[in-house]
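One structure is given here, and the rest of the page talks about it.
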Amino acid sequence: MTPCERTQAFISGQPTDRPPFHPIVMRWAARHAGVKYRDFCLDFTAKNRAMLHAAELLDCDWVTVMSDAYAEAQAFGLQVDYPEDSLPLERGGHLVSAQAGAALAPYKADEHPRLLNRINEIKGFKKLSGDTYFIVGWVEGPMAEYSDIRGLSEASMDLYDEPEAVAKAMDVIVDAAIPFITRQIEAGANAIGIGDAFASQIGPDLYREFVFAREKRLVDHIHSLGALAKLHICGNTAPLLPDMIKTGANILDVDHLVPSMAPFVPLLGPNQVFSGKVDPVSVVQNGTPESIRMAVKESLHQGGGRCIISAGCEVPPDAPLANVKAMRTAAE
């Protein structure tokens, strides 16, 4: 059973030799492959090299294009700097108003190097590893993308002060993401991740008003092309999880801040699983192999056996190799 076959079988409820292992390694992968983080973000050959090195080193089941949240934001006009070996930095170009967001036009992937880079990353994974790994593409969700291009504080206020303009801007964001999703699946992605981190900060009522239907539209489009969907929202998403599950996403990332997955297991439909929820800092980075084993065991227990093994969010770059490997060993 290949890693890709294991992941697809697990999601569909078929027997597997072990749960899949999908650690979110970005800066960690770059560091262990000797790749500068600027290159990891901007050079698809460097991303391919780093992620495939991590997959082999850790014996994990997926590779992903994840690196930072700014690829689509740049296409919408955000100015971003890329330090040689640290996270990208916003340098301006935020929307001046909600009305400016409502007047946005969808981007075209072919006109923006970072979006073409993502498509080429997926093609590179497919060329270099064939059908071995579960390949996950990525788009930003409507709340995350709006907050990136408008600014966190301004986006939060706009939800109350300019709801109609926000809705129009989010529709443009989704309109742009849909053909970008298509290009990634055509390039060879088995699944598309939807990153909507800031959605955990707005509460369930605003999530239902502004985000749910738009995320579901993305999920439905992914499914229409025969791929699977992953939904990633950081933070304590316990108030949102019933609606997140209703989007139909096949993989629902659960952060360590969620008290327990157990209450939500009965809500899962066929072809839906959780992923998480080991604490990436206190357990993966600072813990011991035994504490990691116990945390993985607890995640599997809470998820009723329907949980891909992963930290709740990104594994820190300083996490010891032995600790990250201990997560994989615990999956046995």
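Accessible area ranking (1.4 Å probe, heavy atoms, ligands and nucleic acids excluded), largest first, for TYR133, TYR146: TYR133, TYR146. Element breakdown for region 208-255 at a 1.4 angstrom probe: carbon and sulfur atoms account for 55% of the accessible area. For region 201-332, the Cβ-based charge dipole about the Cα centre amounts to some 320 debye (Lys, Arg positive; Asp, Glu negative; other atoms uncharged).
One decimal place: the segment SER153-ASP81 gains 23.8 nm when fully extended, by the rule 0.36 nm per residue minus the C-alpha distance.
The charge dipole of the chain, taken about its Cα centre with unit charges on the Cβ atoms of Lys, Arg (+1), Asp and Glu (-1) only, comes to about 900 debye.
Spatial offset of region 293-332 relative to region 1-58 amounts to 14 Å, using the alpha carbon center of each. Ordering ILE119, PRO88, ALA176 by the projection of their Cα atoms onto the charge dipole of region 26-184, which places +1 on the Cβ of Lys and Arg and -1 on the Cβ of Asp and Glu, puts ILE119 at the extreme positive end. Within the shell defined by Cβ-Cβ distances under 10 Å, the residues around ARG18 carry a net charge of -1, with Lys and Arg each +1 and Asp and Glu each -1. With axes computed from alpha carbons, what is the tilt in degrees of helix 321-330 against the longest principal axis of the chain, rounded to the nearest 10 within 0 to 90? The two axes meet at around 70 degrees. Net charge of the neighbourhood of VAL139, taken over other residues with C-beta under 10 Å away and scored Lys/Arg +1, Asp/Glu -1, is -3. Of all lysines in the structure, those lying under 18 Å Cα to Cα from LYS127, and not within fewer than 8 positions of it along the same chain, are LYS47.
Only protein heavy atoms count here; on that basis, with a 1.4 Å probe, ARG27 has an accessible area of about 80 Å². For region 1-125, the relative contact order is 24 percent, taking Cα pairs closer than 8 Å that sit 6 or more residues apart in sequence and dividing their mean separation by the residue count. Taking only Cα atoms, what is the 0 to 90° angle, nearest 10, from helix 163-187's long axis to the longest principal axis of the chain? Helix 163-187 sits roughly 50 degrees off the main axis of the chain. The 1.4 Å probe gives accessible areas that order LEU87, LEU321, LEU231, largest first, as LEU87, LEU321, LEU231.
A 1.4 Å probe run over the protein chains yields, for the chain, 38 Å² of accessible area per residue, whole-number rounding. With contacts defined as alpha carbon pairs under 8 Å and 6 or more residues apart, what's the relative contact order of region 124-183 in percent? Relative contact order for region 124-183 comes out at 42 percent. Ranking ALA54, LEU78, ASN236 by how far each Cα lies toward the positive end of the dipole of the chain (charges on Cβ) leaves ALA54 at the top.
Taking all Cα pairs closer than 8 Å and separated by 6 or more residues, the relative contact order of the chain comes to 19 percent. The residues PHE180, PHE76, sorted by heavy-atom accessible surface at 1.4 Å with ligands and nucleic acids left out, run PHE76, PHE180 from largest to smallest.
When nucleic acids and ligands are ignored and a 1.4 Å probe is applied, SER156 ends up with an accessible area of around 40 Å².
Rounded to the nearest 20 debye, the dipole magnitude of region 151-199 is 320 debye, with +1 charges on Lys and Arg beta carbons, -1 on Asp and Glu beta carbons, and the Cα centre as origin. ASP43 contributes about 60 Å² of solvent-accessible surface, heavy atoms of the protein only, 1.4 Å probe. In terms of distances greater than 31 angstrom between alpha carbons, the cross-link table entries LYS108/LYS325; LYS126/LYS277; LYS246/LYS325; LYS123/LYS216 yield LYS108/LYS325; LYS246/LYS325.
The residues neighbouring ARG91, those whose beta-carbon lies less than 14 Å from its own, together hold a net charge of -4 under the Lys/Arg +1, Asp/Glu -1 convention.
Rank-order 252-261, 5-14 by packing density, defined as the average count of other C-beta atoms within 10 Å over each peptide's residues, highest first.
252-261, 5-14
Ignoring any ligand, DNA or RNA, what whole percent of the accessible area of region 74-126 comes from carbon and sulfur when the probe is 1.4 angstrom? The C+S portion of the solvent-accessible surface of region 74-126 is 50 percent.
The values are calculated or read from the model by the stated rules, or taken from the named source; none is laboratory data. Since we're looking at a predicted model, the values are computed, not measured. All Cβ positions, glycine included, derive from the backbone under ideal geometry; neighbour counts span all protein chains shown. Note: accessible area is taken over every heavy atom of the protein model, side chains too, but ligands, DNA and RNA are not part of it. Shrake-Rupley method; radii C 1.70, N 1.55, O 1.52, S 1.80 Å.
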